[in-house]
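In what follows, a structure is listed as structure tokens, so that the remarks can point back to it.
The values are calculated or read from the model by the stated rules, or taken from the named source; none is laboratory data. Small disclaimer: the values here were computed from a predicted structure and weren't measured. Please note: Cβ atoms are built from the backbone with ideal geometry, for glycine as well, and neighbour counts cover all protein chains shown. SASA here: full protein model, heavy atoms, side chains in, ligands and nucleic acids out. Shrake-Rupley method; radii C 1.70, N 1.55, O 1.52, S 1.80 Å.
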Amino acid sequence: MTRDALRGTSAERVRTALSTADPLPGTGGFAGALDTDVTLTDGTVTGGRGGRVVCDVLGREPVFVEPSGGNGAARWRFDPRRLDDPRLVEAGCVVDLATARETRVWTLPDPAPETDRDAAVEAVREAVLDSVRAVSSDDLAVAFSGGVDSALVASSVDAPCYVAGFPDSHDVAAARAAAAAMDRDLRVVSLSHDDIVRAVPDVVRATGRTNPMDVGIALPLYLVAERARADGFSRLAVGQGADELFGGYAKVVSPAEDPRVDADTVRGARRETVETLPRQLPRDVLTLRAAGVEPVAPFLHDRVVAAALALPADLLATDEERKVALRRAAEGVLPPDVVGADKKAVQYGSLVSRELDRLARQAGYKRRMDDHVGRYVRSLVDGDG
């Protein structure tokens, strides 16, 4: 039977976006198959042959293909674990399942910067607040670090907030302070070495990644999601995308002097960080789904992406402040201390990277060894750690 099997939006909207090559057609991301033969198991689409597979311009919904037999055709799945040799469909691309040929259809727009600073901030305010206010509180928990991103997500929902970290971590302290200022219900997932050792194989199997950076980022997400699921929630709201879109990284401040980026302008460096999202988001989405929750990412809605891409450099990052426009948009919505709060990358703010390194060294993987933490991670997956 021929069906459309899509996540994120309707087939009609995807067909329109295909015909117009519109990269931001008003969705929160989409992926899946059009005109494909599919099977249903327990009411869930599992994939099939024929037709074509699509993935939105930022790769917000990961989808995978693999060659099928020797005839040039391909199979597809949302879950890479259900394929023998999965290949992530590139963001913005369409794969013809009859030939396994991948074609780029959508490219991230590069609009001229808005010259009216007030109008630019107001566009961000409207887009962000509309997006976070559209999130339903039903069956929802919020991943909360105490920074402006997760605080904005939490501001408009009646849902408990969760933070994961080792007891002396920055994220736990920041989340407690922000939750108190906002009068929100905070649930702390206090981590231990046993939690890390137990969760590493689950994260690696879900994502297919063993490098220490990806594992360090995914572990706190997984453990927060696992706890939220145990508490009865099946959806987790996250702040993914805000740092990339709004200039949250130090490397965008003075890019001409920073070897971590190729660009020599703030807007160019910000675009480079946005273009990393298709690599990052599959890791996060697969991690959360492996823990039993569905991610909700209001900052990744097309309307927020469009408003962010139009920001001038001085509303992204300056020597004094990062995520300038987003913080201006949060004024009057969040307490001043939360609007201005600094945040650390989750792998460092939670202390997961520090403790993963410590566990590796305790297991005999010394820092003088090449990729000592990666070796330790792989040993846990292989069962000899």
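Would you point out which residue out of 103, 107 is at pLDDT 95 or above, open to solvent by 50 Å² or more (accessible area, probe 1.4 Å), polar (S, T, N, Q) and not in a loop (DSSP other than H, G, I, E, B)?
Just a single option satisfies the conditions, and that option is 103.
Of everything in the stretch 110-139, what is more than 17 Å from the chain's Cα centre (by Cα), of a type in the set (A, V, I, L, M, F, W, C) and surrounded by 14 or more Cβ atoms within 10 Å (Cβ to Cβ)? Give them in sequence order.
120, 121, 123, 124, 127, 129
Quick check on my filter: what residues within the stretch 302-314 are surrounded by fewer than 24 Cβ atoms within 10 Å (Cβ to Cβ) and either at positive phi or in a helix (DSSP H, G or I) (or both)?
The answer is 302, 303, 306, 309, 313, 314.
Residue by residue, here is whether (1) in a helix (DSSP H, G or I); (2) in contact with a Cys (Cβ under 8 Å, 6 or more places away or on another chain); (3) closer than 18 Å to residue 225 by Cα holds:
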{"position": "164", "(1), (2), (3)": "no, no, yes"}
{"position": "180", "(1), (2), (3)": "yes, no, no"}
{"position": "200", "(1), (2), (3)": "yes, no, yes"}
{"position": "215", "(1), (2), (3)": "yes, no, yes"}
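Take the residues in the stretch 154-207 that are of a type in the set (Asp, Glu) and in contact with a helix residue (DSSP H, G or I) (Cβ under 9 Å, 6 or more places away or on another chain), then tell me which one is least open to solvent (accessible area, probe 1.4 Å).
So the residue we want is 171.
Looking at 311, 277, can you tell me which residue is modelled with pLDDT of 95 or more, in contact with an Asp or Glu (Cβ under 9 Å, 6 or more places away or on another chain) and within 23 Å of residue 207 (Cβ to Cβ)?
Selected residue: 277, the only one of 311, 277 that is modelled with pLDDT of 95 or more, in contact with an Asp or Glu (Cβ under 9 Å, 6 or more places away or on another chain) and within 23 Å of residue 207 (Cβ to Cβ).
Under the condition of being part of a helix (DSSP H, G or I), out of contact with any Leu (no Cβ under 8 Å at 6 or more places or on another chain) and buried (at least 17 other Cβ atoms within 10 Å of the Cβ), which residue from the stretch 327-361 is modelled with the lowest pLDDT?
The extreme case among them is 349.
Take the residues of the stretch 19-74 that are of a type in the set (Asp, Glu) and outside any strand (DSSP E or B): which is modelled with the lowest pLDDT?
42
So which residues in the stretch 266-301 are of a type in the set (Ser, Thr, Tyr), in a helix (DSSP H, G or I) and over 20 Å from residue 229 (Cβ atoms), if there are any at all?
273
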